[in-house]
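Below: the structure, in structure tokens.
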């Protein structure tokens with residue numbers, strides 16, 4: 001990986017996961033608009049393989065209330081994004 005640090009690798013893989021999820025969501029919307037719901041391609045590429053959900057946590061400060069929570073959905077396209085990011089980090093510069 002050359003002289004790249006681990007932080008750059010983590011950021012690149014995170015961007016790869018996000019890019020894969022965005023492509024998956026766009027394909028999901030495209031399949032719905034074309035009337036191709038529940039086909040094999042959508043089930044393999046778009047539907048999540050693994051879902052992690054961290055339920056919202058409310059932090060009540062006297063002046064304001066903050067709610068924190070998020071969910072992660074991994075599908076085949078996000079795995080492809082991870083592979084692309086790894087390839088970019090390994091062979092860039």
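The values are calculated or read from the model by the stated rules, or taken from the named source; none is laboratory data. Fair warning: this is a prediction, and the values are worked out from it, not measured in the lab. Virtual Cβ from ideal backbone geometry, glycine too; neighbours counted across all protein chains shown.
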Options 33, 38; residue that is in a helix (DSSP H, G or I), at pLDDT below 90 and more than 20 Å from the chain's Cα centre (by Cα): 33
Within segment 53-86, tally of residues that are part of a helix (DSSP H, G or I), modelled with pLDDT under 90 and out of contact with any helix residue (DSSP H, G or I) (no Cβ under 6 Å at 6 or more places or on another chain): 2
Inter-residue pairs, beta-carbon under 6 Å, first under 21 Å from residue 17 (Cβ atoms) and in segment 51-73, second part of a loop (DSSP other than H, G, I, E, B), 6+ apart: 73/48
